[in-house]
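As structure tokens, the structure follows; a few thoughts come after it.
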Amino acid sequence: MKRKRRPVVPWLTEAALFALLFAVCLLLAFRMNFKDGKPAGNGVFASDKSIYYVYLPATFIYGWDVNRFPHRCDTLYRGFILDYKKGKVVNKMTCGVAILWTPFFLATHTIAKVFALQPDGFSLFYQKMALIPPVFFLLLGLFFLRRFLGRYFTGFVPWAVVLTVFTATNLWYFSLAEGLMSHVHSFFLFALFLYLLKRFIDGESRSYRLFAWLCLVFALAVLIRPTNVIITLWFLLLDVKTGHDVLRRLRILLRPSWLLTFLGVTFLVLLPQMIYWKYVSGHFLHYSYGNEGFINWKNPVILPVWFSPFNGLFAYNPAVLFFVAGALWMVFRRKQNGRLIVLTFLLVTYMAGSWHMWFFGGSYGARPFIEYYTLLSVGLGWMLTWAFRHPNHLYRATLLLMLVGCSWFNLRMIDHNYWYNGSTWDWDEYRTRVEKAGILQFDWDRYTCLNDYENMPFDPSLTQTSLRVHSRTQAAVIDNRWPFTGLLDRPLQGMVDHPPRHVEASVWINPVWRDSTGAVLVASVEDDSHEPCFYRKVPVNRFGTSAGQWTKASLAFDIPSWLSDPAFRLKIYLWNRERRTMYIDDVKVVVE
């Protein structure tokens with residue numbers, strides 16, 4: 001009797017779908033990163049992205065010789081550092097992303113050399129080709145996530161969850177717009193790890209070979225982001241029912257040959273990073289982040305991480321509320337893995353809230369959660385399963401409609417994304433972003449602008465500090481280098497629906513050496529040529545400042561009705577007439 005051949009249509013369908021999605025996502029990535037054929041913003045390799053990438057040209061083109069790099073390219077991209085004095089390429093990030101990128105980079109470099117396309121590792125050709133790997137790993141991550149979810153759910157549910165994860169969260173942004181960041185690569189490895197782990201647990205292939213693959217994926221994930229070590233819990237706790245199951249899982253890991261495999265694979269994967277640390281610091285183990293670290297571990301920032309308009313998780317990814325709600329529902333219904341998902345969510349929250357920069361810079365939403373959507377999305381799968389099985393179709397329709405709304409919200413916000421210049425709880429700035437994205441329109445009778453300097457100040461007269469703060473974890477320092485420090489610079493029109501009539505401004509000030517600051521709080525309305533048309537000032541000393549103590553300085557005034565030209569700008573600043581050093585924090589400007 002002849003064996004029946006497996007049908008090839010499903011495989012061909014998946015391959016065709018993968019190719020189609022790859023083409024569409026690549027086009028979207030080009031749209032988000034290039035304008036009129038030129039890199040948008042600061043370029044594809046700007047900031048942290050260059051830190052992950054520089055390992056490749058340094059290794060395969062320049063041989064780690066700083067003098068062979070394009071002149072001062074580190075100042076152009078503002079990520080890695082070329083230390084010409086020591087002859088070192090200084091890089092704080094690990095090389096995991098670069099390892100995944102190696103085949104793509106070698107292919108790109110070969111093409112650039114053959115066709116004489118400026119093979120320097122940083123030219124426009126390399127920047128365009130750099131969009132391919134993130135899209136590739138994105139789709140592989142979604143593919144393995146669907147396969148993993150297919151072990152728990154049937155029918156439409158795995159597809160709906162995967163589609164929601166992609167379109168309704170910041171995974172879209174950090175795979176298409178900021179694909180050179182680490183998150184989409186960790187997302188791929190996490191999805192692959194869960195898929196392999198589920199096969200291993202189910203006993204289909206509880207083999208030494210499969211365990212070795214799990215070790216490799218785990219080691220790569222940790223190399224990309226050391227905090228990814230959290231997924232160790234997944235190996236121990238996924239699908240466990242009792243404490244005996246945990247002990248059995250632990251015994252597997254502690255078998256001598258399996259433990260040696262784990263340690264050996266992990267060591268080989270981490271070895272390139274250890275060699276780099278030896279090159280840059282003289283030691284095989286080196287903390288490359290300097291003063292950056294988990295300084296808030298005793299008092300983690302929790303609520304802002306979740307809800308702040310300043311990159312809060314739920315403020316920009318409302319769909320994740322369904323992930324967490326589904327996990328809590330699993331715990332309440334005593335569903336398998338419910339507690340593991342909740343524990344993972346809380347651990348990632350604690351990790352993000354403990355980091356010195358809990359908002360993670362120029363982010364869109366709380367980006368440390370992106371790779372963990374692979375497990376968190378199981379909660380959404382159970383919610384969809386319940387809704388599709390419920391006899392009342394209204395539940396199903398409502399849930400699907402809300403998920404579609406979350407996707408629309410997310411895509412609109414991403415399409416109109418810009419650097420957030422507000423404060424931890426500056427909801428008026430958040431409402432402005434929502435309005436500019438065309439999602440909702442608001443009535444603006446009163447506009448409040450806040451700045452607590454948790455955000456990085458780009459005014460050159462300011463230096464961010466955590467030495468002396470009035471609120472949260474950061475403040476700013478003014479010293480003798482600059483006489484003027486900007487507190488607010490906005491168009492006067494558009495803040496409120498009617499012509500603005502009244503302004504109140506305040507700032508908290510803490511002198512360093514003397515009680516008297518000699519500073520002046522100034523409000524100015526200027527035209528398009530920066531000429532002041534209206535001017536108010538108040539000496540800060542009037543408020544009784546005292547060295548080492550925080551004092552609130554404020555200024556209030558009415559705006560004349562004739563200042564109605566849209567070109568006018570409202571500027572609030574401190575005039576440091578005597579060039580003294582002082583801390584400032586919690587700027588508040590109210591326009592009515």
Requested in this report: Residue by residue through region 255-282, note down the ones that are among the small types (Gly, Ala, Ser) and part of a helix (DSSP H, G or I).
Outcome: Ser257, Gly264, Ser281
Report summary line: So, first residue among the hydrophobic types (A, V, I, L, M, F, W, C) in region 141-166, second residue in a loop (DSSP other than H, G, I, E, B), Cβ within less than 7 Å, six or more apart or across chains; the pairs are Val165/Leu171; Phe166/Trp172
Report summary line: For region 235-244 the number of residues that are surrounded by 15 or more Cβ atoms within 10 Å (Cβ to Cβ) and part of a helix (DSSP H, G or I) is 3
**Report entry** Options Phe156, Phe174; residue that is on the phi < 0 side of the Ramachandran plot and surrounded by fewer than 20 Cβ atoms within 10 Å (Cβ to Cβ)
**Finding:** Phe156
Requested in this report: Sort out which residues of region 491-509 are within 32 Å of the chain's Cα centre (by Cα), not in a loop (DSSP other than H, G, I, E, B) and not β-branched (Val, Ile, Thr), and write them in order of number.
Outcome: Pro491, Ala505, Ser506, Trp508
Report summary line: Taking first residues from region 223-234 that are in the same structural domain as Val246 (by TED's automatic domain parsing) and second residues anywhere that are not in a helix (DSSP H, G or I), the pairs with Cβ under 6 Å that are 6 or more apart or on different chains are Leu223/Thr94; Ile224/Ser182; Arg225/Ser182
Report task. Look at region 394-445 and say how many of its residues are assigned to a helix (DSSP H, G or I) and among the acidic types (Asp, Glu). Result -> 4
Requested in this report: Filter region 72-84 down to the residues that are assigned to a strand (DSSP E or B) and not charged (D, E, K, R), then identify the one that is nearest to Ile224 (Cα to Cα).
Outcome: Ile81
Report task. Answer yes if at least one residue in region 349-363 is part of a helix (DSSP H, G or I), in contact with a Ser or Thr (Cβ under 8 Å, 6 or more places away or on another chain), aliphatic (A, V, I, L, M) and under 30 Å from Leu450 (Cα atoms), and no otherwise. Result -> yes
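Mind checking which helices (runs of 4 or more DSSP H) fall wholly inside region 85-156 and carry at least 3 residues that are of a type in the set (A, V, I, L, M, F, W, C) and outside the structural domain of Tyr62 (by TED's automatic domain parsing)?
132-149
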Query raised in the report: Got at least one residue in region 492-502 being modelled with pLDDT of 90 or more, surrounded by fewer than 20 Cβ atoms within 10 Å (Cβ to Cβ) and within 25 Å of Gly548 (Cβ to Cβ)?
Result: no
Requested in this report: Assess whether Lys537 counts as being over 29 Å from Arg433 (Cα atoms) and assigned to a strand (DSSP E or B).
Outcome: yes
Query raised in the report: In region 277-302, how many residues are free of Cβ contacts under 8 Å to residues at least 60 places away in the same chain, within 26 Å of the chain's Cα centre (by Cα) and surrounded by 12 or more Cβ atoms within 10 Å (Cβ to Cβ)?
Result: 5
Report summary line: Cβ pairs under 6 Å, 6+ apart or interchain, first in region 10-32 and within 21 Å of Gly43 (Cα to Cα), second aliphatic (A, V, I, L, M) and outside any helix (DSSP H, G or I), ordered by first then second residue, are Ala29/Leu131
Requested in this report: May I ask you to verify whether Ala556 is buried (at least 19 other Cβ atoms within 10 Å of the Cβ), over 35 Å from the mean Cα position of the chain (by Cα) and either in the same structural domain as Thr448 (by TED's automatic domain parsing) or at pLDDT below 95 (or both)?
Outcome: no
Report task. Working only within region 45-69, note down all residues that are under 12 Å from Glu178 (Cβ atoms) and either of a type in the set (S, T, N, Q) or touching a Lys or Arg at 6+ places or on another chain (Cβ under 8 Å) (or both). Result -> Ala46, Ser47
Query - Residues being touching a residue at least 40 places away in the same chain (Cβ under 8 Å) and under 28 Å from the mean Cα position of the chain (by Cα) - total across region 258-276 - result: 6
Report summary line: Listed by first then second residue, the pairs whose first member lies in region 243-257 and is free of Cβ contacts under 8 Å to residues at least 40 places away in the same chain and not assigned by TED's automatic domain parsing to the domain that holds Cys215, whose partner is in a helix (DSSP H, G or I) and not charged (D, E, K, R), with beta carbons under 8 Å and at least 6 positions apart or on separate chains, are none
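For every residue, the table says whether it meets (1) of a type in the set (S, T, N, Q); (2) modelled with pLDDT of 95 or more.
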site	(1), (2)
Arg339	no, yes
Thr344	yes, yes
Thr349	yes, yes
Met357	no, no
Glu371	no, yes
Gly379	no, yes
Phe388	no, no
Pro391	no, no
Requested in this report: Exactly one condition in (1) touching a helix residue (DSSP H, G or I) at 6+ places or on another chain (Cβ under 6 Å); (2) within 28 Å of Leu570 (Cα to Cα); (3) of a type in the set (A, V, I, L, M) is not met by Ala387; state its number.
Outcome: (2)
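The values are calculated or read from the model by the stated rules, or taken from the named source; none is laboratory data. Everything numeric in this text was worked out from a predicted model, so none of it was measured. All Cβ positions, even for glycine, are placed from backbone atoms using ideal geometry, and neighbour counts span all protein chains on display.
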